[in-house]
Amino acid sequence: MIRAALARFNLAALTHNLRRVRTYAPHAKLLCVVKADAYGHGASKIARALNELTDGFAVAMAHEARVLREHGVTAPILVMGGFLSSEELAFLAYADATLTVHQPYHVTLLKETQLTKPVNTWIKVDTGMHRLGIPYTQLRDIIEALRSIPHVRVTGIMTHFACADEVNHTLTAQQIQRFDQITFGLDLPQSLSNSAAIITLPHAQRDWVRPGIMLYGISPFMDRRAAELDLKPVMTLTSQLIAVNSVRAGETIGYGAAWTCTNDTRVGVVGLGYGDGYPRHAPSGTPVLIGGRRVPLIGRVSMDAICVDLHAAPEANPGDTVTLWGEGLPIEEIASAAGTIGYELTCKITSRVKREYI
Ligand SMILES: *Cc1c(COP(=O)(O)O)cnc(C)c1O
């Protein structure tokens, strides 16, 4: 076994999903969110595939912008997490990134740093999430302060929803109301919506939308699958059966003897575990796909292996392909079994997993 675990990335599905975003938000420009290595999909590959199709990219930090520029990405890049020093600010200006100001210290750094060319700056306002953002009541003061600094151009205003994935949450309405109140009469491009908001809040689409998870073909909602939204999974995670064992009724499987076979059981051992990024908390019963059949995981997930009950796939043999999620097996299902979200699963794929782009 050289490397059994394989993540395949379907770039046709990616561009399909981007077209879906355009259908949902026909009048908005797109900032495709490729932070965290494009949610584990490989930021340079994903961004290059989207470079000609998007209006820009958004990342969380300067390092991520650097990776994109080093791989020839020419589209605008918004760095949403701000900057911590003059050096970082100078780097962002050099990389032609769009800055985000979300703290008063950003204004100070902009004042203190000798910039040699104009930098585009977005202001992130906090309208109720209370994570990153200038308190919305201070927006006008911040704009004024920024406009007095040479080389600083304010080119956008954004906010982020705390509960856009829950339909009709009262906080979302309150956030939009606060945003509209404070931006009234301001002639600056606006951006409010992540994937969930793009789908459920057409009136919040405005000038720029910031799709992330939906680009990767994963539903932003707990109770709706990607297929219902006509989104196609980009990542399919597979591995192979590396052993098939006959285990007697009454014997136990794996660490902690956490599963007991109630019948004589053919047990398949899949060459992948939490060392590859499969969630350790996936419980017995979590499905995997072998030869088009769903079979349940049994016992604990270990670092290099998981065990499955082959009752429903009696003809399975060592070497057979096993799908953990992706085409044929919605990642949302695995995420909810493991008590997490698709975002976390794709982000956690480790470097041991071989990657292929098709
Ligand atoms: C991550 C992020 C997004 C994208 O969110 P999705 O739910 O993946 O669409 C948008 N805006 C901000 C500020 C983010 O941090």
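The values are calculated or read from the model by the stated rules, or taken from the named source; none is laboratory data. Quantities reported herein were computed from a predicted structural model and do not represent experimental measurements. Cβ coordinates were reconstructed from backbone atoms using ideal geometry, including for glycine residues, and neighbour counts include every protein chain displayed. Just the protein is used for accessible areas: all its heavy atoms, side chains included, with ligands, DNA and RNA removed. Shrake-Rupley method; radii C 1.70, N 1.55, O 1.52, S 1.80 Å.
Observations on the structure shown:
- Every helix of 4 or more DSSP H residues in the chain counts as -39500 (n - 2.57), and over all residues that averages to -7500 deg cm²/dmol at 222 nm.
- Value in Å of the Kirkwood radius, where the range 215-330 supplies the Cα pairs that are averaged: 14.7 Å
- In angstrom, the C-alpha Rg and Dmax of the range 95-211 are 14.5, 46.
- Shown here are the Rg and Dmax of the Cα trace of the range 159-231, at 12.8, 40 Å.
- Base-10 log of normalised Debye intensity for the chain (one unit scatterer per alpha-carbon) at q = 0.13 Å⁻¹: -0.99
- Working from Cα pairs under 8 Å separated by at least six residues, relative contact order for the chain is 18 percent.
- Here the Karplus curve 6.51 cos²θ - 1.76 cosθ + 1.60, taken at θ = phi - 60°, turns the phi angles of the range 84-101 into couplings of 9, 8, 4, 4, 5, 4, 5, 4, 4, 5, 4, 7, 6, 8, 8, 7, 10, 9 Hz, with x standing for Gly and Pro.
- Heavy atoms of the protein chains alone define the surface here; on that basis the range 251-349 has 43 Å² accessible area per residue at 1.4 Å probe size.
- Considering the range 258-315 at the alpha-carbon level, its Rg and Dmax are found to be 10.8, 30 Å.
- Helix axis angle, 11-24 relative to the chain longest principal axis, alpha carbon, degrees: 50 degrees
- In the range 158-231, chymotrypsin sites (Phe, Trp or Tyr not before Pro) in a DSSP loop with at most 11 other beta-carbon atoms within 10 Å: Phe184
- Per residue accessible area in Å² of the range 67-169, where ligands, DNA and RNA are left out and the probe is 1.4 Å: 48 Å²
- Across the range 91-158, C-alpha contacts under 8 Å between residues 6 or more apart give a mean separation that, scaled by the residue count, equals a relative contact order of 35 percent.
- Centroid-to-centroid separation of the range 274-293 and the range 149-166 [C-alpha atoms, Å]: 38 Å
- Charge dipole (the chain, unit charges on Cβ, about Cα centre) - positive-most of Ala173, Gly156, Thr340: Gly156
- Expressed as a whole percent, the accessible area of the range 230-330 that falls on carbon and sulfur atoms is 49 (1.4 Å probe).
- With a Förster radius of 56 Å applied to the beta-carbon distance between His203 and Arg294, the computed FRET efficiency rounds to 0.90.
- Of the two radii for the range 276-344, the radius of gyration is 0.94 times the Kirkwood radius, both from the alpha carbons; that is the Rg over Rh value.
- Furthest towards positive pole of dipole, Pro318, Ile298, Leu329, structure part the range 278-333, Cβ charges: Ile298
- Solvent-accessible area of the range 1-85 (1.4 angstrom probe, protein heavy atoms only): carbon and sulfur portion equals 55 percent.
- Amide H within-cut-off set for Ile242, under 5 Å, with H built and near neighbours excluded: Val269, Val270, Gly271, Gly319
- Looking at the range 45-139, the GluC sites (Glu not before Pro) that sit in a DSSP loop and have at most 16 other Cβ atoms within 10 Å of their own Cβ are Glu52.
- Cleavage-rule hits, GluC sites (Glu not before Pro), the range 239-331, DSSP coil, Cβ neighbours within 10 Å at most 11: Glu315
- The range 152-169 - phi-based ³J(HN,Hα) in whole Hz, Karplus 6.51/-1.76/1.60, Gly and Pro as x: 9, 10, 7, 10, x, 10, 10, 9, 10, 7, 7, 9, 5, 7, 10, 4, 6, 5
- Between the range 210-256 and the range 304-348, the alpha-carbon center distance in angstrom: 4 Å
- Apportionment of accessible area to carbon and sulfur, the range 146-208, percent (1.4 Å): 50 percent
- Amide H contacts under 5 Å for Tyr278, placed H, 5+ residues apart: Gly273
- Computed on the range 224-341, with alpha-carbon pairs under 8 angstrom and 6+ residues apart, the relative contact order is 30 percent.
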